[in-house]
Each structure stands twice: as structure tokens, then as C-alpha cells.
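Single-structure report; data block below.
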Amino acid sequence: MSLITPFAGLRPAPERAADVAAPPYDVMSAAEARRMVEGRPWSFLHISRAEVDLPEGTDPYASEVYAKARANLDAMLAAGVLIRDPAPCYYVYRLTMGGHRQIGLVASASVAAYDDGRIKKHEFTRPAKEDDRVRQIEALSAQTGPVFLVYRATPAIDDRLAEIGATPPEVDVTAADGVRHELWTLSDPSVIAQLSASFEALDALYIADGHHRSAAASRVAAARSKDEGFLSVIFPHDQMRILDYNRVVRDLNGLAPEDLLERLAASFRVEPSAEPVKPARSGEFGMYLKGTWYRLTLDPDRIPGDDPVARLDVSLLQNHLIGPILGIQDPRRDDRIDFVGGIRGLNALVQRVDSGEMALALALHPTGMDDLMAVADAGHVMPPKSTWFEPKLADGLVSLVLD
């Protein structure tokens with residue numbers, strides 16, 4: 001199977017995109033999802049988070065949630081809110097957030113290429129979340145949450161997408177968070193063939209976000225004994241915007257603040273700061289403790305040069321502070337640590353500490369796309385919560401039906 005193929009997308013009917021488009025299913029709590037669907041009967045959250053239409057407290061993994069998602073999808077189809085394109089297409093998708101813009105291609109990415117490692121991953125998946133996506137796909141007979149893929153920027157693709165982006169979009173929706181979502185349909189066979197060939201010439205694609213969705217698609221394809229694809233949006237790597245993914249820790253592992261600072265001095269240069277510390281480079285960290293910000297600069301001799309995982313800032317912080325000093329060896333499972341996406345800003349870290357909920361906050365420099373691809377190329381796995389991509393893709397603008 002080709003690396004990517006066009007598909008007949010399931011999409012909002014004309015003028016319905018604003019009614020349907022919704023944030024990704026996994027970026028809000030159940031309570032937030034319920035608030036988001038108030039007054040929005042056609043929001044895609046009724047499909048992606050169908051528990052919003054069931055009693056509060058319903059287990060999101062309960063069988064009735066998937067059944068309700070199917071019923072809501074059928075209702076949208078019956079009402080003509082969602083319609084399916086008559087022939088396979090590609091779709092161009094542009095995101096604009098403030099001064100940042102990125103434009104990519106919506107396509108069906110090959111499950112076989114994923115299984116063979118040509119579509120590269122960099123994260124472990126959790127069984128419960130993977131099982132959830134499998135059950136959602138099976139209930140809907142469709143893939144509704146796109147996998148966020150990246151390719152190494154290539155003029156043959158980049159220039160073509162830019163040309164299309166210079167024309168009026170078919171869909172133009174600005175979401176409640178201010179992010180603008182634009183979509184173009186590509187049905188011309190010659191354009192489809194050109195883009196297919198350009199992508200086929202690439203060595204690899206990389207998963208930026210959506211490891212559970214791609215793993216679930218692979219499992220569904222294996223169960224159906226079909227060589228099929230999964231819903232994806234593919235962007236050039238040099239247009240990506242990765243924000244910091246920060247940490248807050250519940251206690252100091254029995255240390256007094258002055259003891260913690262003394263322990264840190266063995267590996268870091270520790271400098272108090274009158275201003276919040278947003279790290280400007282790799283190897284630099286911000287720490288908020290007892291109402292004071294500190295700039296922590298790791299001894300350069302402690303930064304490995306040849307291990308793509310060990311040199312990540314998330315690894316450096318784990319290996320020199322969170323693990324040996326704070327005693328958190330497994331951040332995936334230890335409830336003493338929590339993670340705060342950079343989109344929330346440094347004030348969110350201050351609030352978590354000043355409230356008394358947490359004892360310590362740590363601010364990181366964002367992981368780079370080159371680092372992510374180096375880890376994936378090496379066949380390694382990044383530590384948990386290494387990347388936070390913004391802006392997020394919308395759910396509901398294009399879905400892939402499994403025929």
C-alpha cells in the first residue's frame with residue numbers, strides 16, 4: 001500500500017462546519033466537555049465524548065458510551081449535518097494561531113507503513129487508552145480523531161500546499177480559543193497523483209501526536225484482515241510549534257527547601273530570579289519554590305552528546321533532579337508528579353504551588369522537532385509528556401469511514 005492515499009471524507013455539510021468542529025477528545029475533562037456542548041446539538045463532542053449525553057459520572061469506557069456515539073453519528077447523518085464526499089480526495093488543512101501558521105495534508109496513512117516502521121513513533125501507549133480508541137473505531141466504523149503526522153520539509157510538497165493555501169478555502173472556522181481552521185478539497189486526479197508521488201518519495205513520516213489512535217487503527221486493521229489506512233493530517237516539520245511541557249511536584253521528598261537547594265548545587269548552577277524563569281535554551285530550567293523563582297543551569301559536562309533520549313531536557317531533569325533528589329523514579333505512574341502544558345503559561349505553575357497543592361514547579365525549554373525525529377529515527381522512546389503541540393487539530397472537519 002502507498003504511504004498515503006486519498007479517501008472519501010465524511011464532513012460537515014456546507015455551512016455546518018462551525019456547528020460541528022470540536023476540540024480533540026482528549027484535551028478536556030468530562031465536566032468541561034459537558035459545558036462545551038451546551039447549546040451545541042451538533043458538536044462533534046457528542047460523538048467523540050458521547051458520555052456528555054449520559055448521566056454524570058458515567059464511566060467513559062462503558063459500552064453504552066460507544067453505543068451512544070454510534071447513535072449520535074447516525075443522527076447527524078440522518079439530519080444531513082454530516083455528508084460524505086462521492087469520490088476519494090485529499091484535503092489541505094491550515095491552522096492559524098496568533099502569528100503562527102501551519103499548512104498540511106489530510107490523508108489516509110498506511111497501516112502497513114506504520115507496522116513496518118516507515119511511519120515512526122516515539123512514545124509508549126497505555127493499554128486502556130488504546131483499547132478505548134479501538135472500541136470507538138469499531139463502534140463508528142470510522143476513524144474520527146486524526147493522527148498528527150510530520151514529514152521533513154520538502155519543496156515539492158511545501159510549495160504545492162502553499163499554492164493551494166493562496167486560494168479561498170472551502171471551510172473557514174475560528175474556534176472559541178481563537179484558532180482558525182481552514183480546509184480545501186483536492187479532487188483533481190492530477191493533483192492527487194502529484195502529491196501521492198511526492199509523499200511516496202519520502203523516507204518516513206513521524207507521529208507527532210496520536211500514538212494511541214495510530215496503534216488502535218493498526219489493531220482494527222489486523223482484526224479486519226485489511227491493508228487499510230488511518231486518518232492523518234501531515235505537516236512539514238519546520239512549521240511545527242512545540243511548547244514546553246512543565247512539571248509540578250507534590251512534596252520535596254522529605255527535604256527542607258535549603259537542603260534541596262544544597263543538593264541541586266552539585267549538578268546545577270542555582271540563581272534566584274526576581275522574575276518568572278522561562279528557559280531560553282536546552283540545559284536551563286526554571287524552578288518555583290516557596291514564592292521564589294530560581295534559574296537552574298545544568299553543568300554542561302553532564303549533558304550527553306550522542307544519546308538522542310538522554311540529551312532531551314525532560315531526560316536531563318528526570319535524571320539529575322526528579323529521580324535522584326525528589327525520589328520519583330517512574331513519572332508515568334507516580335502520583336506525586338503532574339504535568340502542565342506550556343499553553344497555560346508560567347502563572348499556572350505558580351498557582352499550583354501557591355495554593356498549597358504542590359510544593360515545587362519546574363519549567364522546561366521546549367523539545368525541538370529535530371530532537372523528536374532523532375529519537376524516532378533511532379527507534380527509541382521519549383520520556384512521558386515530552387512535547388505539547390499547539391495549535392491543536394479540530395475533530396469533526398474530516399473523518400475516514402471504514403468501508
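The values are calculated or read from the model by the stated rules, or taken from the named source; none is laboratory data. All figures in this text were calculated on a predicted structure; none of them were measured in a lab. Here the Cβ positions follow ideal geometry from the backbone for every residue, glycine too, while neighbour counts run over all protein chains shown.
Key figures for this structure:
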| item | result |
| --- | --- |
| Filtered residues of segment 237-252 (kept if part of a loop (DSSP other than H, G, I, E, B) and of a type outside the set (A, V, I, L, M)) | Arg241, Asp244, Arg250, Asp251 |
| Candidate set from segment 120-132 (those that are in a loop (DSSP other than H, G, I, E, B) and charged (D, E, K, R)); member that is modelled with the lowest pLDDT | Arg126 |
| Whichever residue in segment 338-352 is β-branched (Val, Ile, Thr) and touching a Leu at 6+ places or on another chain (Cβ under 7 Å) and, among such residues, is nearest to Gly254 (Cα to Cα) | Val340 |
| Residue satisfying condition, being modelled with pLDDT of 95 or more and under 21 Å from Arg126 (Cβ atoms), within set Ala363, Ala348, Ala376 | Ala376 |
| Complete set of residues in segment 1-44 that are part of a helix (DSSP H, G or I) and over 24 Å from Phe148 (Cβ atoms) | Ala31, Arg34, Arg35 |
| Segment 58-72 - residue that is surrounded by 13 or more Cβ atoms within 10 Å (Cβ to Cβ) and under 24 Å from the mean Cα position of the chain (by Cα) and, of those, nearest to Asp395 (Cα to Cα) | Ala69 |
| First in segment 246-268 and touching a residue at least 24 places away in the same chain (Cβ under 8 Å), second anywhere and of a type in the set (Asp, Glu) and part of a strand (DSSP E or B), Cβ under 6 Å, 6 or more apart | Val248/Asp338 |
| Strands (runs of 3 or more DSSP E) fully within segment 45-119 counting 1 or more residues that are at pLDDT 95 or above, in contact with a His (Cβ under 9 Å, 6 or more places away or on another chain) and of a type outside the set (A, V, I, L, M) | 90-97 |
| Single residue of segment 197-228 satisfying the filter (polar (S, T, N, Q) and surrounded by 17 or more Cβ atoms within 10 Å (Cβ to Cβ)) that is nearest to Lys120 (Cα to Cα) | Ser214 |
| Residues of segment 73-99 that turn out to be closer than 18 Å to Ala13 by Cβ and surrounded by fewer than 22 Cβ atoms within 10 Å (Cβ to Cβ), as a count | 13 |
| Tally, over segment 253-271, of residues that are loosely packed, with under 15 Cβ neighbours inside 10 Å and not in a loop (DSSP other than H, G, I, E, B) | 6 |
| Test: residue in segment 188-211 that is in a loop (DSSP other than H, G, I, E, B), outside the structural domain of Pro324 (by TED's automatic domain parsing), touching a residue at least 24 places away in the same chain (Cβ under 8 Å) and touching a helix residue (DSSP H, G or I) at 6+ places or on another chain (Cβ under 7 Å) | no |
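To keep it simple, each residue is scored yes or no on (1) more than 24 Å from Arg269 (Cα to Cα); (2) more than 26 Å from the chain's Cα centre (by Cα).
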residue: Gly291; (1), (2): no, yes
residue: Arg295; (1), (2): no, yes
residue: Gly305; (1), (2): no, yes
residue: Asn319; (1), (2): no, no
residue: Ala374; (1), (2): yes, no
residue: Asp395; (1), (2): yes, no
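Conditions (1) of a type in the set (S, T, N, Q); (2) within 30 Å of Pro12 (Cβ to Cβ); (3) in the same structural domain as Trp184 (by TED's automatic domain parsing), marked per residue:
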{"position": "Asn319", "(1), (2), (3)": "yes, no, no"}
{"position": "Ile325", "(1), (2), (3)": "no, no, no"}
{"position": "Arg333", "(1), (2), (3)": "no, no, no"}
{"position": "Gly341", "(1), (2), (3)": "no, yes, no"}
{"position": "Gln351", "(1), (2), (3)": "yes, no, no"}
{"position": "Asp354", "(1), (2), (3)": "no, no, no"}
{"position": "Lys392", "(1), (2), (3)": "no, yes, no"}
{"position": "Asp403", "(1), (2), (3)": "no, yes, no"}
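Here's the yes/no breakdown for (1) assigned by TED's automatic domain parsing to the domain that holds Ala142; (2) aliphatic (A, V, I, L, M); (3) surrounded by 15 or more Cβ atoms within 10 Å (Cβ to Cβ):
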{"residue": "Phe230", "(1), (2), (3)": "yes, no, yes"}
{"residue": "Pro236", "(1), (2), (3)": "yes, no, yes"}
{"residue": "Val249", "(1), (2), (3)": "no, yes, yes"}
{"residue": "Ala274", "(1), (2), (3)": "no, yes, no"}
{"residue": "Met287", "(1), (2), (3)": "no, yes, yes"}
{"residue": "Trp293", "(1), (2), (3)": "no, no, yes"}
{"residue": "Ile303", "(1), (2), (3)": "no, yes, yes"}
